[in-house]
């Protein structure tokens with residue numbers, strides 16, 4: 001659910017489908033999905049991989065490789081299986097916050113201490129009177145990360161963490177900078193945004209996701225679990241992570257309470273493609289508010305060698321046992337949604353392999369090919 005390596009975390013980020021011939025090209029502007037997924041599954045540390053390609057809302061390619069369970073057991077993962085999207089959840093949380101801004105219920109420059117007085121009253125966040133909603137969205141608040149192996153036991157599947165409990169863990173760490181000074185990725189920002197949404201609306205984040213995103217967009221297979229232990233519904237891939245002693249542990253019942261608005265959503269390739277299509281085509285937010293998510297945050301380094309020369313946008317999510325991504329053309333027409341389950345410590349090679357797979361599918365003719373829309377490179381906080 002993050003863009004740093006912590007406790008195996010990496011990032012920057014249900015029925016079997018019909019088989020395609022290995023050389024099938026169902027869309028003239030896209031590459032071979034089955035081949036790309038098979039190559040991805042051959043990456044060290046990847047146990048199973050699934051991917052589906054959508055063009056204008058229609059599935060035009062899909063593939064599954066590897067196995068559903070450790071040791072080659074369980075058969076292949078259905079390509080339309082549910083999976084954890086990890087930090088791709090953050091884009092949804094930010095979208096709901098910005099919808100509240102559009103509705104006049106919140107301001108981007110509102111101070112955290114004003115919109116969420118409890119964090120100042122209980123000293124859960126340092127400098128709460130100076131931090132703005134905009135800075136939380138863009139990871140420039142300076143609020144430190146709580147998702148660290150010395151603070152959260154990722155193998156504890158049963159303890160229920162309230163958002164305030166996670167902020168208490170964050171409060172033990174030094175700030176990463178002055179409010180608004182620089183980009184420093186932290187899930188604590190999105191723990192706070194979750195709390196703001198729930199205070200303003202009087203409803204749970206899961207209910208707001210359902211009301212504002214999942215139901216209107218027809219994302220019928222998507223949901224946000226909140227309390228542990230809760231496995232993924234339906235047939236799906238299992239991911240594994242090594243314990244400190246080196247034993248591989250099944251992470252299927254990953255603790256839902258610390259995912260929440262920072263990384264808790266469970267979805268499918270179809271639903272994630274549906275969400276990204278609506279977002280990129282401006283159906284969820286007006287352009288000025290959309291840019292709060294997508295524009296490069298202050299002090300963020302440019303992404304190294306983005307797929308297709310920056311002409312597509314990739315959102316990642318991951319935690320011990322899995323990595324996921326949705327890669328889209330900037331016009332919101334084409335989407336390649338990928339989930340990988342792991343059988344090793346998560347590493348950046350998996351993210352690189354996903355980017356390579358995306359490039360082979362979405363711009364098979366190269367970054368300047370005739371089928372890829374040209375647009376400026378962006379390195380926003382979306383994902």
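The values are calculated or read from the model by the stated rules, or taken from the named source; none is laboratory data. This one's a predicted model, so the numbers in the text were calculated from it and none came from an experiment. Note: ideal-geometry Cβ built from the backbone for every residue, glycine included; neighbour counts use all protein chains shown.
Answer yes or no as to whether residue 180 is in contact with a strand residue (DSSP E or B) (Cβ under 9 Å, 6 or more places away or on another chain) and more than 21 Å from residue 255 (Cβ to Cβ). So that I can check it myself, show each step before the final result.
On the way: in contact with a strand residue (DSSP E or B) (Cβ under 9 Å, 6 or more places away or on another chain): yes; more than 21 Å from residue 255 (Cβ to Cβ): yes.
For residue 180, the condition - in contact with a strand residue (DSSP E or B) (Cβ under 9 Å, 6 or more places away or on another chain) and more than 21 Å from residue 255 (Cβ to Cβ) - is met.
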**Prompt:** Among the residues of region 112-134, how many are in contact with a helix residue (DSSP H, G or I) (Cβ under 8 Å, 6 or more places away or on another chain) and not in a loop (DSSP other than H, G, I, E, B)?
**Reply:** 9
**Item:** Condition broken by residue 109, with the remaining ones in (1) within 30 Å of residue 242 (Cβ to Cβ); (2) part of a loop (DSSP other than H, G, I, E, B) satisfied
**Value:** (1)
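A quick yes/no check of all residues on (1) over 25 Å from residue 146 (Cα atoms); (2) outside any loop (DSSP other than H, G, I, E, B); (3) touching a strand residue (DSSP E or B) at 6+ places or on another chain (Cβ under 8 Å):
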site	(1), (2), (3)
198	no, yes, no
220	yes, no, no
253	no, no, no
271	yes, yes, no
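Got at least one residue in region 328-347 being out of contact with any strand residue (DSSP E or B) (no Cβ under 8 Å at 6 or more places or on another chain), under 21 Å from residue 41 (Cα atoms) and at pLDDT below 90?
First, pick out the residues of region 328-347 that are out of contact with any strand residue (DSSP E or B) (no Cβ under 8 Å at 6 or more places or on another chain): 331-332, 347.
Cutting the leftovers down to under 21 Å from residue 41 (Cα atoms) gives us 347.
Filter once more, keeping what is at pLDDT below 90: 347.
Yes, region 328-347 contains at least one residue that is out of contact with any strand residue (DSSP E or B) (no Cβ under 8 Å at 6 or more places or on another chain), under 21 Å from residue 41 (Cα atoms) and at pLDDT below 90.
Residues are listed down the side, and each one gets a yes or a no for (1) over 17 Å from residue 260 (Cα atoms); (2) in contact with a helix residue (DSSP H, G or I) (Cβ under 6 Å, 6 or more places away or on another chain); (3) surrounded by 23 or more Cβ atoms within 10 Å (Cβ to Cβ):
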| position | (1), (2), (3) |
| --- | --- |
| 162 | no, no, no |
| 177 | yes, no, no |
| 183 | yes, no, no |
| 187 | no, yes, yes |
| 208 | no, yes, yes |
| 222 | no, yes, yes |
**Asked** Here are 75, 57, 91: which of them is modelled with pLDDT of 95 or more, over 19 Å from residue 357 (Cα atoms), within 21 Å of the chain's Cα centre (by Cα) and surrounded by fewer than 18 Cβ atoms within 10 Å (Cβ to Cβ)?
**Response** 57
**Complete:** The residue from 241, 231, 256 that alone is crowded, with 21+ Cβ neighbours inside 10 Å, modelled with pLDDT under 95 and under 20 Å from residue 339 (Cβ atoms) is 256
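Give 149, 225, 144 a once-over and let me know the one that is modelled with pLDDT under 95, under 30 Å from residue 242 (Cβ atoms), under 20 Å from the mean Cα position of the chain (by Cα) and not in a strand (DSSP E or B).
Values: 225 fails: modelled with pLDDT under 95; 144 fails: modelled with pLDDT under 95.
That would be 149, the only listed residue that is modelled with pLDDT under 95, under 30 Å from residue 242 (Cβ atoms), under 20 Å from the mean Cα position of the chain (by Cα) and not in a strand (DSSP E or B).
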**Matching option when the condition is out of contact with any helix residue (DSSP H, G or I) (no Cβ under 9 Å at 6 or more places or on another chain), surrounded by 21 or more Cβ atoms within 10 Å (Cβ to Cβ) and either in a loop (DSSP other than H, G, I, E, B) or modelled with pLDDT of 90 or more (or both), among 351, 293** = 351
**Asked** Residues in region 152-196 that are farther than 17 Å from residue 226 by Cβ and part of a helix (DSSP H, G or I): how many?
**Response** 6
**Prompt:** Would it be correct to say that residue 299 is in a helix (DSSP H, G or I) and at pLDDT below 95?
**Reply:** no
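Being at pLDDT 95 or above and over 15 Å from the mean Cα position of the chain (by Cα) narrows it down to one of 311, 281, so name that one. Spell out the reasoning first.
Working: 311 fails: at pLDDT 95 or above.
Being at pLDDT 95 or above and over 15 Å from the mean Cα position of the chain (by Cα) holds for just one of 311, 281, which is 281.
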